[in-house]
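Here is the structure we will look at.
The values are calculated or read from the model by the stated rules, or taken from the named source; none is laboratory data. Note that the coordinates shown come from a computational prediction; the quantities given were computed from them, not determined experimentally. Cβ placement follows ideal geometry from the backbone for every residue including glycine, while neighbour counts extend to all protein chains displayed.
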Amino acid sequence: MTPAQGERLWEAAAAVRPGGTIAEIGSYRGKSAIVMAAAATDGVTVTAIDPHAGNDRGPQQIHGTVDEGQSDHDAFLANLAAAGVSDRVRHVRAFSHDALAEVPEDLDVLYIDGAHRVGPARDDIVSWGAKVAPGGTLLIHDSFSSVGVTGALVSELFFGSGFRYLGRSESQARYRRERLTGGERVRNAGRQLAQLPWFARNVLIKALIVAHLGKVTKIFGHDPETWPY
């Protein structure tokens, strides 16, 4: 998560009124949960959902071990405590599809940064997106960067009528839950389709990094030491 993406999370969480609800799918070691919990006013519920099972931990880390998952869980709790927000974050240690009943409807903010394969990402957008209240905010990390997440966006949001695309901060896309008419849907799709050249750039950068040609990414204005977020 970049500083600019953290600012977008902060702004979204800070705008939630007392009694409102925030949820995130995919907490890893707690950075995003800490940002939102620190920004949220008293009376706002922040729920972090992550099984900490060792899988889907980051770039090229789809499969992991139970010990790695437990290490992430321990770090998550320690980081929340160090930030002074342990009492403001409710952690549901479960896979997102198993945690649906744990979170009420009408979410004010939903942040998705879970499994990045097409199927799980699409399921999170559909099942959890349905919980976002009208006018609520949906933020999705690794949009137009991850092949799986971008495929899920194309499938469910590019041509849909339930979420308006508001823009992105690097690979963090922002949507608002609202009903779109025919003409608005076309314009909404066009704005998202316009991001595909940037998506192609990111896929190429990832391929170069995997091929140990990270230095070549400098010609795209990319830092060869980082994964494209």
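The number of residues in the range 156-166 being assigned to a strand (DSSP E or B) and either surrounded by 19 or more Cβ atoms within 10 Å (Cβ to Cβ) or touching a residue at least 12 places away in the same chain (Cβ under 8 Å) (or both) comes to 3. Checked against the criteria, VAL149 counts as closer than 29 Å to THR226 by Cβ, β-branched (Val, Ile, Thr) and assigned by TED's automatic domain parsing to the domain that holds PRO18.
Being among the aliphatic types (A, V, I, L, M) and within 26 Å of THR226 (Cβ to Cβ) is the filter here; which residues of the range 158-185 pass it? Steps first, please.
Within the range 158-185, the first condition is being among the aliphatic types (A, V, I, L, M), and the residues that meet it are 166, 173, 180.
LEU166, ALA173, listed by residue number.
Which of the residues that make up the range 9-31 are assigned to a helix (DSSP H, G or I) and crowded, with 23+ Cβ neighbours inside 10 Å? If the condition is that a residue be assigned to a helix (DSSP H, G or I) and crowded, with 23+ Cβ neighbours inside 10 Å, then LEU9, ALA12, ALA13 are the ones that fit. The set of residues in the range 114-141 being modelled with pLDDT of 95 or more and in a loop (DSSP other than H, G, I, E, B) consists of ALA130, LYS131, HIS141.
Has the range 175-192 got any residue that is in contact with a Gly (Cβ under 7 Å, 6 or more places away or on another chain), part of a strand (DSSP E or B) and crowded, with 16+ Cβ neighbours inside 10 Å? So far as the range 175-192 goes, yes, one or more of its residues are in contact with a Gly (Cβ under 7 Å, 6 or more places away or on another chain), part of a strand (DSSP E or B) and crowded, with 16+ Cβ neighbours inside 10 Å.
Looking only at residues in the range 101-112 that are at pLDDT 95 or above and not hydroxyl-bearing (Ser, Thr, Tyr), which one is farthest from VAL35 (Cα to Cα)? Ranking the candidates gives LEU107 first.
Candidates GLY221, GLY151: the one that is surrounded by 15 or more Cβ atoms within 10 Å (Cβ to Cβ), within 24 Å of THR2 (Cα to Cα) and small (Gly, Ala, Ser) is GLY151. Against the conditions (1) part of a strand (DSSP E or B); (2) within 27 Å of VAL203 (Cβ to Cβ); (3) charged (D, E, K, R), ARG90 satisfies every one except (2).
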